[in-house]
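Below is one structure; the comments refer to it alone.
Computed from the coordinates by the stated procedures, all read-outs in this text should not be read as laboratory data. Source: prediction; values computed, not measured. All Cβ positions, glycine included, derive from the backbone under ideal geometry; neighbour counts span all protein chains shown.
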Amino acid sequence: MTATRGPYAVSETSVSRLRASGFGGGTIYYPSSLDDGTFGAVAIAPGYTARQSSIAWLGPRLASQGFVVFTIATNTTSDQPASRGDQLLAALDYLTKNSSVRDRIDSDRLGIMGHSMGGGGTLEAAKDRPSLKAAIPLTAWNLDKSWPEIKTPTLVVGAERDTIASVRSHSEPFYESLPSSLDGAYLELNGASHFAPNLPDTTIAKYSISWLKRFIDNDTRYEQFLCPLPLPQPSSTIAEYRGNCPHTA
């Protein structure tokens, strides 16, 4: 696999705030080709005080691998995680029911991602909608540290040098509170800051694509990139990786 750009040419369309219901609009990135049927879809939320542009790189990167991707703006930049979770779900509903690309989407194959409070919102959305196929909170922040209700396969991404949502106070407790029977993993980025997900990052892209392919598309060819668990090396971009293997979903 490639963690840079995939085989699909990517098109995009904007959704204005005025047309959105329950969230602040955004940009939809999607494979241009109509040859391969429908695709899974992913909504992605930014963090506290951040705008859609802070997560925009993930749109074309993931869409080129065969997903419809909606990078959203939030209603206000100060919205808290619970609100961001509701907005992620509203964005998925818009994608599948009202968007101009709804016919390209398999509404049974949906996932969510988010950075910082958007990552906290990712956990909230996964708790509220257990039918989701994949969740990836990126250096997530949430006052709630315990998520035993989540039934969605979840990849928690933390950053070793995060001073805003430290892994000890956020990402690690989030991961450790997930049900032991859940397909889950914890990836800690070596030497990275809270803002690592705001810039193109090969490690984030590689494991996010693998997770989404494995659980949204049920493509077991991507299991090899997740299991056996990656082992940190002296020059590795991974400080720590934990998870359950093999995956059962």
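What list of ³J(HN,Hα) couplings, whole Hz, do you get for region 232-249 from phi and the Karplus terms 6.51, -1.76, 1.60, once you set θ to phi - 60° and write x for glycine and proline?
x, 10, x, 9, 6, 7, 10, 7, 7, 9, 10, x, 10, 9, x, 7, 10, 5
Most exposed first by the Cβ proxy, i.e. fewest other Cβ within 10 Å, how do LEU58, LEU89, LEU138 rank? Could you put the intermediate results ahead of the total?
Details: LEU58 25, LEU89 22, LEU138 32.
The most exposed by this proxy come first: LEU89, LEU58, LEU138.
May I ask you to compute the full-extension gain from THR77 to TYR241, defined as 0.36 nm times their residue separation minus their alpha-carbon distance, rounded to one decimal in nm?
On the way: separation 164, 0.36 × 164 = 59.04 nm, distance 3.14 nm.
Residue separation times 0.36 nm, minus the Cα-Cα distance, leaves 55.9 nm.
Which percent, nearest 5, of DSSP beta bridges in region 10-243 are antiparallel? Numbers along the way, then the final one.
Working: 15 of 39 bridges.
Here the antiparallel bridges make up roughly 40 percent for region 10-243.
Give the Rg/Rh ratio for region 192-234, taking Rg as the radius of gyration of the Cα atoms and Rh as the Kirkwood radius, to two decimals. All intermediate terms of the calculation are to be shown ahead of the outcome.
Details: Rg = 12.0 Å, Rh = 11.6 Å.
Here the Rg-to-Rh quotient is 1.04.
Let me know the Kirkwood hydrodynamic radius for region 87-200, please, with Cα pairs as the basis and the value in Å to one decimal.
Details: mean 1/r = 0.0700 Å⁻¹.
Over region 87-200, the inverse of the mean reciprocal pair distance is 14.3 Å.
So how do ASP93, ASP219, ASP35 line up by other beta-carbon neighbours within 10 Å, fewest first? Write down the numbers at each step before the final one.
Values: ASP93 18, ASP219 14, ASP35 7.
Listing ASP93, ASP219, ASP35 from fewest to most nearby Cβ atoms yields ASP35, ASP219, ASP93.
Place a +1 charge on the Cβ of each Lys and Arg in region 1-113 and a -1 charge on the Cβ of each Asp and Glu, then give the dipole magnitude about the Cα centre in debye, rounded to the nearest 20. Write out the running numbers ahead of the final one.
Working: 10 positive and 9 negative charges, 59 e Å.
So the dipole magnitude of region 1-113 works out to roughly 280 debye.
Per DSSP H run of at least 4 residues, take -39500 (n - 2.57); add these up for the chain, divide by its residues and hand me the 222 nm value, nearest 500 deg cm²/dmol.
Values: 5 runs with 56 residues, N = 249.
Theoretical 222 nm ellipticity from helices: -7000 deg cm²/dmol.
Rank the residues ARG221, ARG214 as a footprinting-exposure proxy: fewest other Cβ atoms within 10 Å of their Cβ go first. Walk me through the numbers on the way to the answer.
Numbers: ARG221 11, ARG214 25.
Placing the least packed residue first, the sequence is ARG221, ARG214.
Along region 32-38, what does the Karplus equation 6.51 cos²θ - 1.76 cosθ + 1.60 (θ = phi - 60°) give for ³J(HN,Hα), rounded to whole Hz, x for Gly and Pro?
Residue by residue, region 32-38 yields 5, 6, 10, 7, 10, x, 8 Hz.
State the volume of the convex hull built on the alpha-carbon positions of the chain, expressed per residue in Å³ and rounded to an integer.
Working: hull volume 25.9 nm³, N = 249.
Cα-based convex hull of the chain, divided per residue, equals 104 Å³.
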